[in-house]
Structures are given as C-alpha cells and as structure tokens.
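To start, the structure under review is shown below, and the notes come after it.
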Amino acid sequence: MRYVEFPSAELKVSRISFGAIPIRARTNEGAREVIHEALDSGINFFDTARGYDDSESKLGYALRQRRNEVILASKTAKRSREEAWDELKTSLSQMKTDYIDLYQLHNVRTDEAYEEVMGSGGALQALKEAREQGLIRYIGITSHDEEISIRAIRSGEFVSIMVPLNFMEDDFADEVLPAARQHDIAVINMKPFAGGMIEHAALALPYVLSFDAITVTIPGMRTQKEVRENVQFASHCGNLPSKKVRKLQQLKEEIGSEFCRSCDYCQPCPNEVEISRVLRAMRGVRRLGASWLEDNLDRIEKNVDACDECETCLPRCPYDLDIPLLLREQVRALRQHAGEQK
Ligand code: SF4
Ligand code: SF4
C-alpha cells in the first residue's frame, strides 16, 4: 500500500481509500467485516457524509475499538452556521468519536451555495469554530462544478477538494488538478468507477491513480471481495489492457455525459420513484441479459408512471440531468429492447 501526505495538512493517507456510501446496504456486522478487511489491507482513510443514511453510525460501530488507526472524514450539505453545527454534532455522536479528522462542505456546486457557505453566518464559520475547539482537525470541500472547485482552491480555506474524475469524465483534469497542485491542496477523487459504469477495478483505479495530482481515490466498497480487488488493482499503475480500453472508449462515445452516477442525491422523490434504479436499468440488461429485463420491466414501468414531473429532483442532481425526460426515454428504450428480444 502506498501512502501519500496531504500537501498542507498532517494527514498521511493510503492512496486507495474507502468510500462509505455502499455500506448503507450492509448490516452493522456486515459493514464491520468490510471495514476491518479494508483496515487490515492497509487502508487508513474512511470517507462518509451526514447524507449517506446510516453510513456514519456503521463506521462508528466498526471503528469503536480501532479509532486511532484511521483518518476519518465526513461532510455536511447544510449551508448555514447553525445547521452545520447541528450536523457536525450528529456526525460526532454517530461515529462515536471526539473528533473528525476532515470535515467537508458537501456538494457545493452553484455560486449561490458557495457564497452562502463562505459568507457571514455560513457553514464554513461553524467548521472554523469547531476546528478551534478541536472537534475537527481540517476543513475540506466537495464539488461537481469546475469553476466552484477553482474558487474554493484559491480561497485558501480548505486543505482538500473532492471532485469526480474517471475514464468516462475527465474534465477536472484540465484546470482543477493543476490549480490544486499550484495551491498545495489535496485532491480526493470520488467516483473512480463513474458510479458503476466502469465495472473493472483493473481499468478504473490505475487510470485515476495515473494522475499525480490526485492524492487519494475513494471507491465505494460493499464487500470484502471488492476491498481485495481494489487494493490489488490500485498497485497496478502500468498500461491499461488495450482491448478493455477500446470497449470503454466505445461506451464513453455511446453514452456521452448524460448518465446517472447512482449517487441518489436526487432522493427523496415525493412519489417514491426509484430514479437511479430506472436510469441504470440498461446496465442490468447489459450484465444480466434478457431475463433480467423480463423480471424487472414491470417494476420499472410502474416507477416511471409514478413520476408526475414535479421537478423536485432536478436541482438536486449534481450532473444537471433532466430526470423526468431520461426516465421516459429509458422506459421507451427498455420496451424496445424487450420487443426486439421476442
Ligand atoms: S420529477 Fe418525477 S422523479 Fe423527479 S421528484 Fe418529481 S416525481 Fe420524482
Ligand atoms: S439522477 Fe442525478 S442525482 Fe439522481 S442518482 Fe442519478 S446522478 Fe445522482
């Protein structure tokens, strides 16, 4: 395992680290096993967020006797000082810890949100107060927007920026990575698998780790097998297998940038539409074939029928996807696919 220091913080992290969204789907005991597998494989940096359901409490449960072995990171998506303080206190109690190593402003992607968190009475104020009180050690920020990322990097307020970058979407490599490097800001890479679109760790991880400016990547890990594979492939930074690269390039051209990354930031939907499940259905078809579609088409159609185009989800999607439109297009494509199979 290779460890890298943040350029402007006393944090030395394993270059491949642990994204804790998927442990939501595990029991406490199941999550503990995955987290311990990661720890025993040399992973020492664990990233979660207030918004990831019970992920924080599962980390707290798993790490209750191993807190001093890890660097813990979490996030708040709240924008005001008061709300951010409330969330931080909840994070501390859920993770059963006296301090969090890195607390981040989560998903700041519009000018309005940026100005709110950075301004007087904004969430950054709470984080600075908490840092003075020793409740957090360092402050970071996460964003899906390049311009906001650069503003944050230049502000001098953060030790790290978390951004998406992977084989399918590498826009952040052009300006954000060089800016981070110039200002000594650590880059935490989210979504190295493009939200599951890239299925092979052997492709995804060597690709992102080939960028020297990426300090650490945090693929989500749900099983011990995934931990072992990720750790194994993170050390293979050589050439990517050309046949698989060609396949990925083809997929990249086919889907462009309009695809769902399964982050579920768009939830909750007032009509309980399982948005990411529907938008990712073609992946199920590709992987599991016609029988998967036969078993799932009815449920997908019911989901799409339940969408009344209220648009509640639209401002929540960090990728600005036109969700109602994509839902309808998806069900149309699936019906066509099912028809062709008959
Ligand atoms: S537009 Fe459709 S999917 Fe989006 S929140 Fe409204 S009902 Fe749910
Ligand atoms: S539609 Fe957007 S917000 Fe919802 S899961 Fe997909 S990428 Fe995430």
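The values are calculated or read from the model by the stated rules, or taken from the named source; none is laboratory data. On a predicted model such as this, the values are computed, not experimentally measured, just so you know. Backbone-built Cβ (ideal geometry, glycine too); neighbour counts: all protein chains shown.
Descriptive notes on the structure:
- Residue within the range 117-139 that is buried (at least 21 other Cβ atoms within 10 Å of the Cβ) and part of a loop (DSSP other than H, G, I, E, B) present: no
- Selection count, the range 168-180, where residues are in a loop (DSSP other than H, G, I, E, B) and either surrounded by fewer than 21 Cβ atoms within 10 Å (Cβ to Cβ) or among the polar types (S, T, N, Q) (or both): 3
- If you go through the range 19-66 and keep only what is outside any loop (DSSP other than H, G, I, E, B), more than 23 Å from residue 88 (Cα to Cα) and charged (D, E, K, R), you end up with 29, 33, 37, 40.
- Single match in 111, 101 (criterion: acidic (Asp, Glu) and either outside the structural domain of residue 161 (by TED's automatic domain parsing) or free of Cβ contacts under 8 Å to residues at least 40 places away in the same chain (or both)): 111
- Which listed residue is modelled with pLDDT of 95 or more, more than 25 Å from residue 4 (Cα to Cα) and surrounded by 15 or more Cβ atoms within 10 Å (Cβ to Cβ), from 60, 30: 30
- Given (1) under 30 Å from residue 38 (Cα atoms); (2) without any contact (Cβ under 8 Å) to a residue 40 or more places away in the chain; (3) within 16 Å of ligand 2 (Cβ to nearest atom), index of the condition residue 265 fails: (2)
- Filtering 301, 309 for residues that are over 27 Å from residue 113 (Cβ atoms), in contact with a helix residue (DSSP H, G or I) (Cβ under 7 Å, 6 or more places away or on another chain) and exposed (fewer than 15 other Cβ atoms within 10 Å of the Cβ) leaves a single hit, 301.
- Checking each residue in the range 275-286 for being more than 10 Å from ligand 2 (Cβ to nearest atom) and touching a residue at least 24 places away in the same chain (Cβ under 8 Å) picks out 281, 282, 283, 285.
- Candidates 153, 148: the one that is within 18 Å of the chain's Cα centre (by Cα), assigned by TED's automatic domain parsing to the domain that holds residue 79, not in a loop (DSSP other than H, G, I, E, B) and not hydroxyl-bearing (Ser, Thr, Tyr) is 148.
- Where residue 23 falls short, out of the listed (1) over 30 Å from residue 178 (Cα atoms); (2) without any contact (Cβ under 8 Å) to a residue 60 or more places away in the chain; (3) not acidic (Asp, Glu): (2)
- Flag if residue 254 is away from ligand 1 (no atom under 16 Å from the Cβ), surrounded by fewer than 17 Cβ atoms within 10 Å (Cβ to Cβ) and not small (Gly, Ala, Ser): yes
- Residue that is surrounded by the fewest Cβ atoms within 10 Å (Cβ to Cβ), among those in the range 102-114 that are under 18 Å from the mean Cα position of the chain (by Cα) and outside any loop (DSSP other than H, G, I, E, B): 102
- Enumeration of residues in the range 309-331 that are assigned to a helix (DSSP H, G or I), among the β-branched types (Val, Ile, Thr) and more than 10 Å from ligand 2 (Cβ to nearest atom): 331
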